[in-house]
Amino acid sequence: MLVGKPDCTFARQKVYHPPRKYISILDKLASEGTQMDEDRASGEITIPGYDTLAERGDAVETSPWGDSAYQRHYVWPGVEPLLPELSGARVLDAGCGIGEYVGRFLERGADVVGFDASAEATAIARKRYGDRATFYRADLTEPLEFVPDDAFDLVFCNLVLDHVEDWKPAFTAFRRHLAPDGELVFTTIHPMRRYRRHRDELSGYHETDSYVLEWGETDAQIVQYHRPIEEIVDSLGESGFRLDEFREIRPRERYEAHNPERYETAMEAPDTLCVRARPIGTDR
Ligand SMILES: C[S@@+](CC[C@H](N)C(=O)[O-])C[C@H]1O[C@@H](n2cnc3c(N)ncnc32)[C@H](O)[C@@H]1O
């Protein structure tokens, strides 16, 4: 478990080192004899971190949600062409945050269910769109018992898996809840970007490893995982998906005016990955 320099997603974050709070949580659990794997420990930090960011709202200078310049002018133009026809589509927004994408899907005529592990973010999403969409507080690393099987045309998961160590349980659940001809679209920070920015803190490009960020002027801490690209592709295949589109998002020109620094680095090398996958066969 390592810490590192801030990722540009979180342009104003400062370095948090060493991760004493993280270590102390693990030490405390070990001394209490509690069984706690690293993934759950990650949630113990990340979700309260997102609760804080949701509570702080506009007071947080760099938004983690879909309303940031990075998301509006870089991620969304990259991801939108991969989405199916949304009018009448049944969409599950996994890790919906405060509902930024739920709003975009509703505008385009979709029926939307959103869930997020942050109680504060879920409450805000429900307040904004609860009259038109359904929201749950839930963790995507656990079975999603609140939604039926084969129920969605699209499972959308935007910049959420970055906080999850093992993607296979989440992908397996997504596949279960997708209609046989449905599709999964997700985004994640490009592993090469993470590796280049955090190489001193990571075990190596080929290893899955994590670090903790402290978010700007807040005391929110967020655990981020690096993993090699081959693990992303393998996790999909091992969870019953066929890779359909794999895009290293290229910045549009107008992004430069909104976030010149990140535009420049995204022009030099890809910043964020956008993936579309489809279920294989009908075995669940
Ligand atoms: C960068 S934010 C993105 C939110 C939203 N998808 C958007 O783009 O506006 C990451 C979100 O993932 C959620 N999250 C992190 N780990 C999660 C988990 N294990 N299960 C469900 N949500 C999780 C956080 O609470 C946070 O809302």
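Values in this text are rule-based calculations from the coordinates and carry no lab data. Quantities reported herein were computed from a predicted structural model and do not represent experimental measurements. Methodologically, a virtual Cβ is constructed for each residue, glycine included, from the backbone with ideal geometry; neighbour enumeration extends over all protein chains shown.
Tabulated data for the structure shown
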quantity	calculated
Rg to Rh, two decimals, where segment 11-279 supplies the alpha carbon set and Rh follows Kirkwood	0.94
Protection proxy ranking of 270-277, 146-153, 92-99 - average other beta-carbon atoms within 10 Å, highest first	92-99, 270-277, 146-153
Theoretical FRET efficiency, 1/(1+(r/R0)^6), r = Cβ-Cβ of ILE229 and GLU145, R0 35 Å, to 0.05	0.65
For segment 81-147 and segment 149-225, distance of Cα centres in Å	17
Highest-first arrangement of 102-115, 250-263, where packing means the average Cβ count within 10 Å	102-115, 250-263
Beta bridges by DSSP in segment 11-279, antiparallel share as percent, to the nearest 5	55
Rg/Rg_globular for segment 88-222, with Rg_globular taken as 2.2 N^0.38 Å and Rg from C-alpha atoms	1.13
Shape parameters for segment 147-284, alpha-carbon atoms, Rg then Dmax in Å	16.3, 48
Length-normalised contact order for segment 11-279 - Cα pairs under 8 Å, 6+ apart - percent	22
